[in-house]
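**Q** Here it is: the structure, laid out below.
The values are calculated or read from the model by the stated rules, or taken from the named source; none is laboratory data. Because the structure is predicted, anything quoted here is derived from the model rather than measured. Using ideal geometry, Cβ is built from the backbone for each residue, glycine included, and neighbour counts are taken over all protein chains shown.
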Amino acid sequence: MTWTRSVLTIAMLWVVGGVLFAAQEPQAKNPVEGNPDAVQAGMGLFRGRCAECHGMDARGVRGPDITQVWASGRTDAGLFKTVKEGVPGTEMPANPRVLDYEAWQILAYLRTLAAPAPTDPPRGDARNGERIFRVNCASCHRVNNAGGHLGPDLSRVGAARSREIMQLRIRRGLEEFRAGFEPVTLTPQTGQPIRGVKKNEDLFSVQIMDTRERIQGYEKDKMKSVQNDTKSAMPIFGPDRLSDSDLDDLLRYLQTLRGFDPAVVQ
Amino acid sequence: MRTTTIRLVRIALLLLSGAVAVAAQQAAPPPLITLQEISEGLPADGSRWLTFGGNYSNQRHSPLTQITPDNVNRLVPQWTFQTGTLGNFETTSLLRDNVLYVTGPQNVAWALDARTGRQIWRYRRELPPNLTACCGLVNRGFGVLGDKLFMVTLDAHLLALDMKTGAIAWDVTMQEYTNGYASTIAPLVVKDKVIVGVAGGEFGIRGFIDAYDAQTGKRAWRFYTIPGPGEPGHNTWAGDSWKIGGVGVWVTGAYDPEQNLVFYGTGNPGPDYHSASREGDNLYSTSLVALDADTGKIRWHYQFTPHDLHDWDATEVPVLGEITVAGQPRKVVMFANRNGFYYTLDRTTGKLIVAKPFVTTTWAKEVDFATGRPILLPGHEPDEKGEVTCPDITGGTNFWPPTFDPSTRTFFVNAREVCMTFYAWKPDYKAGDRFTGGAGQRVSSAESPAYGALRAIDPATGERKWEFRYLTPSTAGLLTTASGLIFSGDAEGNLLALNSRDGKLLWRYQMGAAMHGTSPTTYMLDGRQHVLVPAGTTLTAWALPQ
């Protein structure tokens with residue numbers, strides 16, 4: 001009797017659980033895509049809740065460019081999950097307070113900003129690109145736990161930045177510095193100037209990683225000068241340093257870097 | 001049997017007389033907190049701090065002089081208290097009889113031994129899981145009268161707690177939190193009433209200021225910050241927009257006993273950025289209102305930003321003082337506004353005396369003294385494309401307390417120099433949901449570097465006396481002392497002591513977290529002046545070495 005009841009209970013739980021699970025599964029397709037009211041509401045939600053990191057134009061600031069996500073193969077269901085649950089191991093938080101219909105509205109708006117999938121066949125050879133990266137970039141940039149620390153980790157840059165933006169940054173350099181990577185030069189009372197990137201600062205002190213990757217704090221009043229540099233430590237790679245075809249290879253390689261986000265691989 | 005009884009009686013008598021003797025040796029507990037004590041403000045002996053702003057004028061200027069510009073660099077920490085909760089302090093602690101009464105984030109509160117920082121009691125409110133409280137689960141402090149502490153809650157209740165135990169004496173609902181109402185303000189006790197306000201300007205509330213009987217919790221009056229049908233000012237809201245027009249009140253006002261008036265700054269109209277959703281001046285949003293403390297009836301108002309479109313709540317701290325303007329003694333209220341202007345108003349009439357930008361201000365040319373209205377500059381109505389305005393959403397200053405030193409007649413404020421691109425679009429209203437109709441994005445630092453500064457302002461002219469620049473904008477409140485000190489903090493977590501006469505930095509300490517919206521307070525304990533600093537999740541007491 002007891003045994004029968006237990007089995008029944010388990011069976012019931014299994015059925016209820018199954019129903020709940022099914023109810024939580026996102027729909028495969030955005031139910032409000034193209035609906036003007038949803039797009040309007042989604043714009044408000046996006047700008048209010050997402051734009052601080054992703055930018056008002058969704059082209060990426062601290063967070064990734066998300067105009068490229070559909071073109072790169074992400075699905076509505078996967079993106080819905082990302083909005084709701086965040087991306088583990090990144091700054092993208094879970095948003096349990098965003099309701100399901102709101103998440104769909106946000107995606108309906110983003111869809112209107114989405115860049116078309118490139119019609120040109122992808123250019124470049126990723127394997128050669130990786131070799132170029134190792135020679136030219138890896139002393140400062142890290143990919144999957146290998147490389148330097150002076151520049152940002154690029155393990156997921158392919159998911160975060162469009163090819164076009166990456167190309168601009170490599171060819172023309174950076175216009176704005178990311179927090180934690182602003183170039184700085186400290187001139188001690190005696191000895192050589194110390195160049196590095198700023199990790200933190202207040203009125204009285206500055207914490208840097210110098211070009212030899214030493215992390216160290218300095219008191220400003222013990223320095224002759226503390227100068228915020230206007231030029232990034234990242235060199236400009238013009239066609240003289242990196243041919244167009246090598247650039248294609250490098251970009252192709254960078255586009256393959258999608259980090260540790262399991263939601264991306266769908 | 002009988003002998004035993006006699007013996008027992010003897011023992012009982014002995015015990016009793018012993019108890020009486022012990023009681024006689026102990027100091028009697030101080031009498032209940034009186035209105036007299038509260039209205040005296042900060043006493044010369046430094047024995048108490050009983051209101052949000054130190055005194056009814058909100059001056060936050062202490063008469064204490066043990067810590068001076070010459071010895072402030074010898075301050076040493078006495079103890080540190082940690083909340084053990086998520087979220088940061090925005091509170092002003094009260095002190096009486098060597099006990100601190102402190103509210104923290106998440107509606108936790110404590111009584112602490114001011115000598116050691118050790119907890120005496122702790123109150124914790126179970127908060128509902130679906131709170132909408134917009135801008136941090138914070139609380140700005142207790143009010144106090146008799147044997148009760150008063151505290152608002154994030155689910156829009158007002159509580160009275162027993163000072164000795166933290167037990168609830170009464171609990172009233174101000175409004176339903178599920179409709180977007182919350183409360184974070186430090187209550188102001190005036191006569192037999194506890195005066196409070198509600199937050200929720202981003203959630204389509206209809207704001208109000210309430211007064212409750214301190215003994216029973218019965219509501220004595222309510223002043224709606226948005227007039228209802230038939231009331232003056234109602235026609236400054238198009239259509240039904242008044243019903244959900246926001247205008248919260250979340251920063252403690254000042255009280256003028258001579259006129260029996262309370263002065264409160266009011267919040268932004270909602271939806272925050274979308275003009276067409278609420279055509280009109282939107283009274284009494286972004287205003288200073290002067291209310292009769294007994295009835296809640298409005299005596300006068302001054303609207304700083306008619307039809308505000310930039311979320312510039314006027315929920316800054318109003319400061320009362322007596323100054324000389326053009327050779328005449330004037331009773332004034334001083335107000336550094338989020339919209340970038342500093343104002344001095346006659347507090348008996350509400351008439352403008354000074355209105356002058358104290359930070360870069362691009363939206364208005366000046367204030368017209370004939371009408372009292374700002375003369376707007378074109379191009380500052382947010383739209384879908386975005387428009388750039390200075391100051392930004394957070395404003396030229398905000399809810400962090402300023403100070404006023406009556407001896408030098410100087411007003412001090414932590415100012416911000418930040419610009420922003422404002423966007424607006426038509427929002428839909430859903431009860432209890434966010435309702436702003438726009439957003440803002442900081443102008444890039446390459447285009448316009450953001451910074452902050454502590455500014456000393458002459459309230460008779462609005463002219464700057466001096467400034468101390470911070471690396472980035474600070475959100476710390478201030479404390480001044482009669483010895484010529486001003487305590488402040490920067491956004492990087494430094495506690496700073498400066499000379500209030502010239503702004504020279506005298507001493508600093510890295511607290512590990514910024515003071516955000518909080519000020520240090522000061523009092524005497526066992527003959528030594530203490531400075532109490534709430535920063536992040538810690539409260540640290542400082543004093544000179546013994």
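**Q** Can you report the number of residues in region B:213-254 which are assigned to a helix (DSSP H, G or I) and either surrounded by fewer than 23 Cβ atoms within 10 Å (Cβ to Cβ) or β-branched (V, I, T) (or both)?
**A** The first filter runs over region B:213-254 and keeps only residues assigned to a helix (DSSP H, G or I), leaving B:234-236, B:241-244.
Applying the additional criterion that residues be either surrounded by fewer than 23 Cβ atoms within 10 Å (Cβ to Cβ) or β-branched (V, I, T) (or both) yields B:234-236, B:241, B:243-244.
Selection size over region B:213-254: 6.
**Q** Hey, does region B:410-420 have a residue that's within 11 Å of chain A (Cβ to nearest Cβ) and among the hydrophobic types (A, V, I, L, M, F, W, C)? Can you show your working first?
**A** Let us first name the residues in region B:410-420 that are within 11 Å of chain A (Cβ to nearest Cβ), namely none.
So far as region B:410-420 goes, no, none of its residues is within 11 Å of chain A (Cβ to nearest Cβ) and among the hydrophobic types (A, V, I, L, M, F, W, C).
**Q** At pLDDT 85 or above, crowded, with 16+ Cβ neighbours inside 10 Å and farther than 30 Å from A:K198 by Cβ: which single residue out of A:A51, A:A126, A:A58, A:A94 fits that description? Walk me through it before giving the result.
**A** Details: A:A51 fails: farther than 30 Å from A:K198 by Cβ; A:A58 fails: farther than 30 Å from A:K198 by Cβ; A:A94 fails: crowded, with 16+ Cβ neighbours inside 10 Å.
Step by step, each of A:A51, A:A126, A:A58, A:A94 is checked, and only A:A126 is at pLDDT 85 or above, crowded, with 16+ Cβ neighbours inside 10 Å and farther than 30 Å from A:K198 by Cβ.
**Q** Go through region A:213-245 residue by residue and tally those that are assigned to a strand (DSSP E or B), under 19 Å from A:P152 (Cβ atoms) and within 14 Å of chain B (Cβ to nearest Cβ).
**A** First, pick out the residues of region A:213-245 that are assigned to a strand (DSSP E or B): A:215-219, A:223-228.
Subset that is under 19 Å from A:P152 (Cβ atoms): A:215, A:228.
Narrowing further to those that are within 14 Å of chain B (Cβ to nearest Cβ): A:228.
Counting residues in region A:213-245 that are assigned to a strand (DSSP E or B), under 19 Å from A:P152 (Cβ atoms) and within 14 Å of chain B (Cβ to nearest Cβ) gives 1.
**Q** What is the residue count in region A:97-127 for residues that are in contact with a helix residue (DSSP H, G or I) (Cβ under 7 Å, 6 or more places away or on another chain) and free of Cβ contacts under 8 Å to residues at least 24 places away in the same chain?
**A** 1
**Q** Looking only at region B:457-472, filter to residues that are surrounded by 24 or more Cβ atoms within 10 Å (Cβ to Cβ) and touching a Gly at 6+ places or on another chain (Cβ under 8 Å); which one of those is farthest from B:P357 (Cα to Cα)? It would help to see each step written out before you state the result.
**A** So the first thing to find is which residues in region B:457-472 are surrounded by 24 or more Cβ atoms within 10 Å (Cβ to Cβ), and the list is B:457, B:459, B:470.
Imposing the further condition that a residue be touching a Gly at 6+ places or on another chain (Cβ under 8 Å) reduces the set to B:459, B:470.
Numbers: B:P459: 12, B:Y470: 19 Å.
Filtering first and then ranking leaves B:Y470.
**Q** So which of B:A439, B:A415, B:A424, B:A431 ends up being at pLDDT below 95 and touching a Lys or Arg at 6+ places or on another chain (Cβ under 6 Å)?
**A** Every option except B:A439 fails the conditions.
**Q** If you take the residues of region B:391-409 that are away from every other protein chain (no Cβ under 14 Å) and of a type in the set (S, T, N, Q), which of them is surrounded by the fewest Cβ atoms within 10 Å (Cβ to Cβ)? Give the steps one after another, and end with the answer.
**A** Filtering region B:391-409 for residues away from every other protein chain (no Cβ under 14 Å) gives B:391, B:395-409.
Keeping just the survivors that are of a type in the set (S, T, N, Q) gives B:397-398, B:403, B:407-408.
Working: B:T397: 29, B:N398: 22, B:T403: 28, B:S407: 11, B:T408: 13.
Here the residue is B:S407.
**Q** Can you give me the number of residues within region B:273-301 that are buried (at least 22 other Cβ atoms within 10 Å of the Cβ) and aromatic (F, W, Y)?
**A** The number of residues fulfilling the criteria is 2.
**Q** Restricting attention to region B:438-464, report how many residues are at the interface with chain A (Cβ under 9 Å from one of its Cβ atoms) and touching a Ser or Thr at 6+ places or on another chain (Cβ under 6 Å).
**A** 1
**Q** Working carefully through the options A:E164, A:E182, find the one that is in contact with a strand residue (DSSP E or B) (Cβ under 9 Å, 6 or more places away or on another chain) and either in contact (Cβ under 8 Å) with a residue 40 or more places away in the chain or not assigned by TED's automatic domain parsing to the domain that holds A:T90 (or both). So that I can check it myself, show each step before the final result.
**A** On the way: A:E164 fails: in contact with a strand residue (DSSP E or B) (Cβ under 9 Å, 6 or more places away or on another chain).
A:E182 is the lone residue from the list that is in contact with a strand residue (DSSP E or B) (Cβ under 9 Å, 6 or more places away or on another chain) and either in contact (Cβ under 8 Å) with a residue 40 or more places away in the chain or not assigned by TED's automatic domain parsing to the domain that holds A:T90 (or both).
**Q** What strands (runs of 3 or more DSSP E) lie completely within region B:145-212 and have 3 or more residues being surrounded by fewer than 21 Cβ atoms within 10 Å (Cβ to Cβ) and either over 16 Å from the mean Cα position of the chain (by Cα) or at pLDDT below 95 (or both)? Spell out the reasoning first.
**A** On the way: elements: B:148-152, B:157-162, B:168-173, B:188-190, B:193-197.
In region B:145-212, the matching strands (runs of 3 or more DSSP E) lie at B:168-173.
**Q** Can you tell me which residue is nearest to the other protein chains (Cβ to nearest Cβ) among those in region B:374-390 that are free of Cβ contacts under 8 Å to residues at least 60 places away in the same chain and under 16 Å from B:P357 (Cα atoms)?
**A** Step one: filter region B:374-390 for residues free of Cβ contacts under 8 Å to residues at least 60 places away in the same chain, giving B:375-379, B:383-388, B:390.
Cutting the leftovers down to under 16 Å from B:P357 (Cα atoms) gives us B:375-377, B:390.
Working: B:I375: 30, B:L376: 24, B:L377: 23, B:C390: 18 Å.
Ranking the qualifying residues of region B:374-390, first place goes to B:C390.
**Q** What are the residues in region B:465-475 that are within 13 Å of chain A (Cβ to nearest Cβ) and either within 20 Å of B:M334 (Cα to Cα) or in a strand (DSSP E or B) (or both), if any?
**A** Those that are within 13 Å of chain A (Cβ to nearest Cβ) and either within 20 Å of B:M334 (Cα to Cα) or in a strand (DSSP E or B) (or both): B:F468, B:R469, B:Y470.
**Q** Does any residue of region B:498-512 turn out to be out of contact with any Lys or Arg (no Cβ under 6 Å at 6 or more places or on another chain), more than 14 Å from every other protein chain (Cβ to nearest Cβ) and closer than 27 Å to B:I185 by Cα?
**A** no
**Q** Could we say that B:V333 is of a type in the set (V, I, T), under 22 Å from the mean Cα position of the chain (by Cα) and at pLDDT 95 or above here?
**A** Working: of a type in the set (V, I, T): yes; under 22 Å from the mean Cα position of the chain (by Cα): yes; at pLDDT 95 or above: yes.
Answer is yes for this residue.
Okay, residues lined up against (1) at positive phi; (2) aromatic (F, W, Y); (3) in contact with a strand residue (DSSP E or B) (Cβ under 7 Å, 6 or more places away or on another chain):
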site: B:H380; (1), (2), (3): no, no, yes
site: B:K385; (1), (2), (3): no, no, no
site: B:V388; (1), (2), (3): no, no, yes
site: B:D392; (1), (2), (3): no, no, yes
site: B:G396; (1), (2), (3): no, no, yes
site: B:F399; (1), (2), (3): no, yes, no
site: B:T408; (1), (2), (3): no, no, no
site: B:N414; (1), (2), (3): no, no, yes
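**Q** In region B:113-126, which residues are in contact with a Phe, Trp or Tyr (Cβ under 6 Å, 6 or more places away or on another chain) and outside any loop (DSSP other than H, G, I, E, B)?
**A** Correct list: B:Q119, B:R122.
**Q** Also, I was wondering about something else. Quick check on my filter: what residues within region A:180-205 are at the interface with chain B (Cβ under 10 Å from one of its Cβ atoms) and either among the aliphatic types (A, V, I, L, M) or within 22 Å of A:G238 (Cβ to Cβ) (or both)? Don't jump to the end; show me each part of the working.
**A** Pass one, region A:180-205, residues at the interface with chain B (Cβ under 10 Å from one of its Cβ atoms): A:182, A:200-205.
Once the filter is applied, which keeps residues that are at the interface with chain B (Cβ under 10 Å from one of its Cβ atoms) and either among the aliphatic types (A, V, I, L, M) or within 22 Å of A:G238 (Cβ to Cβ) (or both), region A:180-205 yields only A:L203.
**Q** Go through region A:42-99 residue by residue and tally those that are within 14 Å of chain B (Cβ to nearest Cβ) and either in contact with a strand residue (DSSP E or B) (Cβ under 6 Å, 6 or more places away or on another chain) or among the small types (G, A, S) (or both).
**A** First, the residues of region A:42-99 that are within 14 Å of chain B (Cβ to nearest Cβ): A:42-63, A:95-99.
Still in the running and either in contact with a strand residue (DSSP E or B) (Cβ under 6 Å, 6 or more places away or on another chain) or among the small types (G, A, S) (or both): A:42, A:44, A:47-48, A:51, A:55-56, A:58, A:60, A:63.
Residues flagged as within 14 Å of chain B (Cβ to nearest Cβ) and either in contact with a strand residue (DSSP E or B) (Cβ under 6 Å, 6 or more places away or on another chain) or among the small types (G, A, S) (or both) within region A:42-99 amount to 10.
**Q** Does A:R74 meet the test of being in contact with a Ser or Thr (Cβ under 9 Å, 6 or more places away or on another chain) and either within 18 Å of A:R59 (Cα to Cα) or free of Cβ contacts under 8 Å to residues at least 60 places away in the same chain (or both)?
**A** yes
**Q** Can I ask one more? From the list B:S444, B:S448, B:S407, B:S474, which residue is over 21 Å from the mean Cα position of the chain (by Cα) and in contact (Cβ under 8 Å) with a residue 60 or more places away in the chain? Walk me through it before giving the result.
**A** Values: B:S444 fails: in contact (Cβ under 8 Å) with a residue 60 or more places away in the chain; B:S448 fails: in contact (Cβ under 8 Å) with a residue 60 or more places away in the chain; B:S474 fails: over 21 Å from the mean Cα position of the chain (by Cα).
After ruling out the rest, the residue left standing is B:S407.
**Q** While we're looking at this one, here's another question. Please tell me if B:F341 is more than 14 Å from every other protein chain (Cβ to nearest Cβ) and at negative phi.
**A** Details: more than 14 Å from every other protein chain (Cβ to nearest Cβ): yes; at negative phi: yes.
Taking the combined requirement at face value, the residue satisfies it.
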